[in-house]
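To start, the structure itself, in structure tokens.
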Amino acid sequence: MKLGINGLGRIGKLSIWHHVGRQYFSSIVANIGRGVGQGLEDLAASIERDSTYGRLANYLHGYKGGRVIENLNDSDGTMTINGIPVKILRESRNPAEIKWQENDVRLVVDTTGVFTDPTADGAAPGGALRGHLQAGAEKVILSAPFKIRAQGMSMPDDAITTVMGINTDDYIPTQHCLLSAASCTTTCLSYMIKPLLDHFGADNFLSASMVTVHAATGSQQVLDRLPKKGAKDLRKNRSILNNIILTTTGAANALKLVIPEMANIGFIAESVRVPTTTGSLIILVMNMQDDLGHPIKRDLINSIYRDYAASSSYLDYSEAQNVSSDIIGMPFAAATIEGTENHTRTAVIKVNLSKLGIKGTSDIIDVPVTQAVIYGWYDNELGSYTNMLGDRTIAMADMMV
């Protein structure tokens, strides 16, 4: 079976690294819709080298290295990477015009970050995610959250959001042809919240909030530049090299699609970008209603994660004193829980019932509330997200054979 990849940005390029290593697919067809440099040799050099993860040969074979990209044919757009035939399409950037059918591609991973609306018509000007289906693909995986732009539109019945190991079984092969693999942040967050929900139950949570201290992405600028006409967020045009930049995240909305119980828990999600290339951190705060005399302690929180990690291939529990670079390349770890820093505080909150319109014998009641702070590291590029996206892709392919 062949794999189609649309876009060779960070996730597209690293997806090639992942799949030429696993060698599940017989060949890969990657679309970029334009020329690169002076030709295919320059494109091969971009695939082979990475400023964050080093050289592809070392990633695949360790210190032995050696050249792994061979047999370049510029006119055909073909090369061999670690023994896997790879064809590069350079004609069109509109999904509906990509030659998937001509190249026998049934499964496509769109990593461009441009086509995210599952409701948009495949023939829409400028292209749309459904265009891949018109071009011959049977299934499309989006390496980003869905974003419905038209007000009042709901999620189509043939579209689903999943995180591997959390709601994998929500995908129904006979129904869904568009699948969002959520985001790196949503993936990490889901593995930080699911163990607590399973242990305590959603009814015991009062509210939650998170901040992701996130490595730079392509949306930041290297140097300050003028914003485009109509731009509202001027911070996106400031240099990421020497700034901490406040931004937004859609993790809260995406999380509800993956863990529906979160829809009933007040949740706030914020994000800041920092001058690192990868390796990010979520600081999660969960407020839980507690029992009088039996407060929730740090040891219980850590034991919940430790036990969950023992049975999950995607959650890692650590009592080491990590820094962000330690997490880079950590394979398939959706989240690495920093057990040494997790902590809880329990307090009795006095609630004035009269302000709630409740009449009773006592206007003031004591409510024990525990606030738990949990730290979770994740490699937002290769280690966590791309590797888990690879698992999702292969799982879907297995159902198509």
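The values are calculated or read from the model by the stated rules, or taken from the named source; none is laboratory data. Just so you know, these numbers come straight off a predicted model, no measurement behind them. Here the Cβ positions follow ideal geometry from the backbone for every residue, glycine too, while neighbour counts run over all protein chains shown.
Which number in (1) at pLDDT 95 or above; (2) of a type outside the set (D, E, K, R); (3) over 19 Å from residue 205 (Cβ atoms) marks the one condition that residue 285 misses?
Only one criterion in (1) at pLDDT 95 or above; (2) of a type outside the set (D, E, K, R); (3) over 19 Å from residue 205 (Cβ atoms) is unmet by residue 285, namely (3).
Considering only region 172-186, state which residues are among the hydroxyl-bearing types (Ser, Thr, Tyr), part of a loop (DSSP other than H, G, I, E, B) and either under 15 Å from residue 119 (Cβ atoms) or out of contact with any helix residue (DSSP H, G or I) (no Cβ under 9 Å at 6 or more places or on another chain) (or both).
174
Being in contact (Cβ under 8 Å) with a residue 24 or more places away in the chain and either among the aromatic types (Phe, Trp, Tyr) or within 14 Å of residue 5 (Cβ to Cβ) (or both): is that true of residue 130 here?
On the way: in contact (Cβ under 8 Å) with a residue 24 or more places away in the chain: yes; either among the aromatic types (Phe, Trp, Tyr) or within 14 Å of residue 5 (Cβ to Cβ) (or both): no.
When the stated conditions are applied, residue 130 does not pass them.
Consider residue 190 carefully, then state whether it is at pLDDT 95 or above, touching a Ser or Thr at 6+ places or on another chain (Cβ under 7 Å), within 12 Å of residue 254 (Cα to Cα) and surrounded by 22 or more Cβ atoms within 10 Å (Cβ to Cβ).
No; evaluated as a whole, the condition is false for this residue.
Collect the residues in region 85-109 that are within 18 Å of residue 3 (Cβ to Cβ) and either assigned to a helix (DSSP H, G or I) or among the aromatic types (Phe, Trp, Tyr) (or both), keeping them in residue-number order.
Correct list: 95, 100.
Out of 82, 58, report the one residue that is surrounded by 14 or more Cβ atoms within 10 Å (Cβ to Cβ) and under 23 Å from residue 6 (Cβ atoms). Reasoning before the result, please.
Numbers: 58 fails: under 23 Å from residue 6 (Cβ atoms).
Just a single option satisfies the conditions, and that option is 82.
Checking the condition β-branched (Val, Ile, Thr), within 20 Å of residue 115 (Cβ to Cβ) and part of a strand (DSSP E or B), which residue from 28, 11 passes?
So the residue among 28, 11 that is β-branched (Val, Ile, Thr), within 20 Å of residue 115 (Cβ to Cβ) and part of a strand (DSSP E or B) is 28.
Do you know which residues across region 151-171 are closer than 11 Å to residue 118 by Cβ and among the aliphatic types (A, V, I, L, M)?
Kept after step one, since they are closer than 11 Å to residue 118 by Cβ, are these residues of region 151-171: 153-161.
Those that are closer than 11 Å to residue 118 by Cβ and among the aliphatic types (A, V, I, L, M): 153, 155, 159, 160.
I'd like the full set of residues that are surrounded by fewer than 17 Cβ atoms within 10 Å (Cβ to Cβ) and either among the hydroxyl-bearing types (Ser, Thr, Tyr) or without any contact (Cβ under 8 Å) to a residue 40 or more places away in the chain (or both), limited to region 278-299.
Residues satisfying the conditions are 293, 294, 299.
What number of residues within region 100-127 satisfy the criterion of being over 20 Å from residue 156 (Cα atoms) and either touching a residue at least 40 places away in the same chain (Cβ under 8 Å) or touching a Gly at 6+ places or on another chain (Cβ under 8 Å) (or both)?
9
Of (1) surrounded by fewer than 21 Cβ atoms within 10 Å (Cβ to Cβ); (2) closer than 22 Å to residue 382 by Cα, residue 254 satisfies all except one. Which?
(1)
Taking interchain pairs and intrachain pairs at least six residues apart, which have beta carbon atoms under 9 angstrom, with the first residue in region 350-371 and assigned by TED's automatic domain parsing to the domain that holds residue 300 and the second modelled with pLDDT under 75 and of a type in the set (Ser, Thr, Tyr)?
Close Cβ pairs satisfying both conditions: 353/362.
Testing residue 62 on (1) assigned to a helix (DSSP H, G or I); (2) modelled with pLDDT of 95 or more; (3) of a type in the set (Gly, Ala, Ser), one condition comes back false. Which one is that?
If we test residue 62 against (1) assigned to a helix (DSSP H, G or I); (2) modelled with pLDDT of 95 or more; (3) of a type in the set (Gly, Ala, Ser), just (2) comes out false.
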